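*Asks:* Before I ask anything, let me first share the structure, which is written out below as structure tokens.
Any read-out appearing in this document is the output of simple, stated calculations on the displayed coordinates, not a laboratory observation. Because the structure is predicted, anything quoted here is derived from the model rather than measured. Note: ideal-geometry Cβ built from the backbone for every residue, glycine included; neighbour counts use all protein chains shown.
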């Protein structure tokens, strides 16, 4: 009973925060400020910290599989919430399709950025400048006629027009998590039934959101790369705006999955028009 009360208090508190109008309207601005000014933290952090190593557990387990973790927790939460309300598999799949669209967009952008780096890059051979020269950066000698694959296979360096895929992914996942979980607060206020599994999944989504923000700060502070990280963050924010603030606002149809929670929230009138009006009020204020 005690653990259940703690769970209810925590989830209610986080649901009110994520469903708050001010939070929804300004979270992307907060994330943008983190990306813009986060590299300044490198002036205060210690390079001897465990987070200054790319081999750290959090980087290996979570960052490299960031989209998978997001799909597992957000997908489970969205499916359980939608199916427990309407008992409609088609409606649940429609809401889950937003994750598929975001995943497809991420894959397309990653392939495009990879081709861009290949097309604009060149191969360089690092040369030591000599023991008498104190420098952390070796001299680079251009190697012409090398492809990216051949360059990396030979242990050389490939330098091209880069956009940080890690920052792009983390920003997109943070904004997606904030959007998909924001409906839980209005759902609870309207008297929706929420058992322990749904609340636990929601809490896992909140913890995952906190972890992504923490890893984003670690990347910016310990591995600052300007402007590649800034471009990655901008691409993530633009992807979110194009999907959640653009396309999904057209309403559910054969070509659009609709906004999070659309067709799920109940009002006392129980009508579809009342549901859409309530959801529109919650998301547009």
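*Asks:* Using only Cα atoms, find the angle between the long axis of helix 89-120 and the longest principal axis of the chain, and express it within 0 to 90 degrees, rounded to the nearest 10.
*Replies:* So the inclination is approximately 10 degrees.
*Asks:* As a footprinting exposure proxy, order 174, 205, 71 by other Cβ within 10 Å, with the fewest listed first.
*Replies:* Sorted ascending by nearby Cβ count, the order is 71, 205, 174.
*Asks:* Within the stretch 37-61, find all residues whose amide N lies under 16 Å from a label point positioned 7 Å from the Cα of residue 148 along Cα-to-beta-carbon.
*Replies:* none
*Asks:* For labels at residue 127 and residue 225 in the simple 7 Å Cα→Cβ model, what's the distance in nm?
*Replies:* Spacing of the two 7 Å Cα→Cβ label points: 2.6 nm.
*Asks:* Figure the gain on full extension for residue 61 and residue 1 (residue separation times 0.36 nm, minus the Cα-Cα span) and round it to one decimal in nm.
*Replies:* Full extension from residue 61 to residue 1 adds 18.2 nm.
*Asks:* Treating the Cα atoms of the stretch 88-230 as identical point scatterers in vacuum, please give the log10 of the normalised Debye intensity I(q)/I(0) at q = 0.21 Å⁻¹, two decimals.
*Replies:* Computed log10 I(q)/I(0) values: -1.34.
*Asks:* Another one. Just to be sure I understand: with springs between alpha-carbon atoms less than 10 Å apart, which residue in 179, 165, 146 has the highest mean-square fluctuation in the Gaussian network model of the chain?
*Replies:* Among 179, 165, 146, the largest GNM mean-square fluctuation belongs to 146.
*Asks:* Right, here's the next one. Among 44, 69, 212, determine the one that fluctuates most according to a GNM of the chain built with springs between C-alpha atoms less than 10 Å apart.
*Replies:* Result: 44 has the largest fluctuation of those listed.
*Asks:* Moving on. Tilt of helix 2-18 relative to the longest C-alpha principal axis of the chain, in degrees (0 to 90, nearest 10)?
*Replies:* 70
*Asks:* Something else: Counting only C-alpha contacts under 8 Å and six or more residues apart, can you give the relative contact order of the chain as a whole percent?
*Replies:* Computed over the chain, the figure is 28 percent.
*Asks:* Starting from the Kirkwood Rh over alpha-carbon pairs, what translational D in µm² s⁻¹ does the chain have by Stokes-Einstein at 10 °C and 1.306 mPa s?
*Replies:* Answer from the Stokes-Einstein relation: 75 µm²/s.
*Asks:* Helix 228-244: angle to the longest alpha-carbon principal axis of the chain, degrees 0 to 90, nearest 10?
*Replies:* 20
*Asks:* Take residue 101 and residue 87, extend 7 Å from each Cα along the Cα→Cβ direction, and tell me the distance between the two endpoints in nm.
*Replies:* Distance between the two pseudo-spin positions: 2.9 nm.
*Asks:* Moving on to the next point. Hey, could you grab the Kirkwood Rh for the stretch 6-79? Inverse mean 1/r over distinct alpha carbon pairs, Å, one decimal.
*Replies:* Value: 15.7 Å, from the Cα pair sum.
*Asks:* Could you compute the FRET efficiency for residue 110 and residue 32, with r as their C-beta to C-beta distance and R0 at 22 Å, rounded to 0.05?
*Replies:* 0.55
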